[in-house]
Amino acid sequence: MFDPFLEILNSSIRTQGGEAKAVPDGLGECRNEEKGSLIKSWLWQVPGFRRWRVSRLDAGESLQVLNSVAYPDYNIDQPLMGLDLLWFGKGQKLVAILDFQPLIQDQAYFDHHLQGLKSLQSRFPELNSKETMRSFDPNQYFSPWLLFCRGGSEQASSFLPEAFSAFLQCYWELHLQNSQQVSLIPAAKVKQLQIAYDVYNAERDPAHGLFTSHFGKAWSDRFLHEFLFPASTKPEASLPAGS
Ligand code: BLA
């Protein structure tokens, strides 16, 4: 269901000079024949970004996911680009989250980086739902104007395609602006904050159970710590032996 979105994302990355990079061994693709599920991931080298990852989970009618995070270079203090589109076939439920994920929760930083996103939120009121978050803290790494909706299939086909393209366009514009000016947050601090993002998200990621049920614990642990959030602590380093 999200293949057109994946196509738009990958081709927009290419247009910006993105080049595909190797995904760590064994993590680029994993299949569960019994469940008919396949997860595929891509890594991109994009000018101005130190890392851009994309993953797509296709479990047929039952589950579809498109997930991506872009980490700007450390000398650019702009928010990370985060998107998570999910379709659960059983309940015919769409969950769509598109955000410029701020490094810090600070009004001046918001004013500087989030004007575009703010106007997108008013352009697409359907994505303005004041949903409560169950796993995450909305005040950590989410912006006040994140585009968020829980809905059904009509939402996925009506406004979401247009909102998705507009969102990407807006993020590229922000990136262009930021590439031409000096960051307010020093690079060493940006690095620290991006690492903290990975640590926080590896702890909270609501997808880990889902990955485990499809692809097993060993693969899912590696995927979480080596691909999704590589700056997070490796599980063997943080857990007591034997746990
Ligand atoms: C929620 N994301 C979820 C859920 C799942 C995933 C299973 C719970 C669904 C629900 O709330 O009904 C799935 N997350 C994934 C998958 C990957 C992943 C498959 O990382 C990886 C391939 N999540 C992100 C990013 C954002 C994000 C980048 O990975 C930011 C835009 C947001 N996901 C996000 C939010 C929720 C969510 C806000 C709702 C969680 C909550 O209610 O607290």
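The values are calculated or read from the model by the stated rules, or taken from the named source; none is laboratory data. Keep in mind that this is a model prediction, so the values were computed, not measured. Cβ atoms come from the backbone with ideal geometry, glycine included; neighbour counts cover every protein chain shown.
A few comments on the model shown:
- In this entry, Phe159 passes the filter for residues that are surrounded by 13 or more Cβ atoms within 10 Å (Cβ to Cβ), over 17 Å from the mean Cα position of the chain (by Cα) and closer than 22 Å to Val95 by Cβ.
- Restricting attention to the range 96-120 and to residues that are closer than 16 Å to Cys149 by Cα and in contact with a Pro (Cβ under 9 Å, 6 or more places away or on another chain), the residue that is surrounded by the fewest Cβ atoms within 10 Å (Cβ to Cβ) turns out to be Lys118.
- In the range 15-48, residue farthest from the ligand (Cβ to nearest atom) [restricted to those that are in contact (Cβ under 8 Å) with a residue 60 or more places away in the chain and of a type in the set (Ser, Thr, Tyr)]: Ser37
- Exclusive hit being under 30 Å from Gln181 (Cα atoms) and of a type in the set (Gly, Ala, Ser), set Ser68, Ser55, Ser62: Ser68
- Scan of the range 80-104 for residues that are within 12 Å of the ligand (Cβ to nearest atom), modelled with pLDDT of 95 or more and outside any strand (DSSP E or B), ordered by number: Pro102
- Pairs where the first residue, in the range 127-138, is under 14 Å from Gly151 (Cα atoms) and the second is in a loop (DSSP other than H, G, I, E, B) and modelled with pLDDT of 75 or more, C-beta under 8 Å, 6+ apart: Leu127/Phe159
- Count of the range 55-79 residues, restricted to those that are under 11 Å from the mean Cα position of the chain (by Cα) and more than 9 Å from the ligand (Cβ to nearest atom), is 2.
- The strands (runs of 3 or more DSSP E) found wholly in the range 1-68 and carrying at least 2 residues that are crowded, with 18+ Cβ neighbours inside 10 Å and modelled with pLDDT of 95 or more occupy 37-45, 49-59.
- Sub-6 Å Cβ pairs linking a first residue in the range 92-115 that is free of Cβ contacts under 8 Å to residues at least 24 places away in the same chain to a second residue that is within 16 Å of the ligand (Cβ to nearest atom), at least 6 apart or interchain, number zero.
- Residue satisfying condition, being modelled with pLDDT of 95 or more and more than 11 Å from the ligand (Cβ to nearest atom), within set Gln107, Gln121: Gln107
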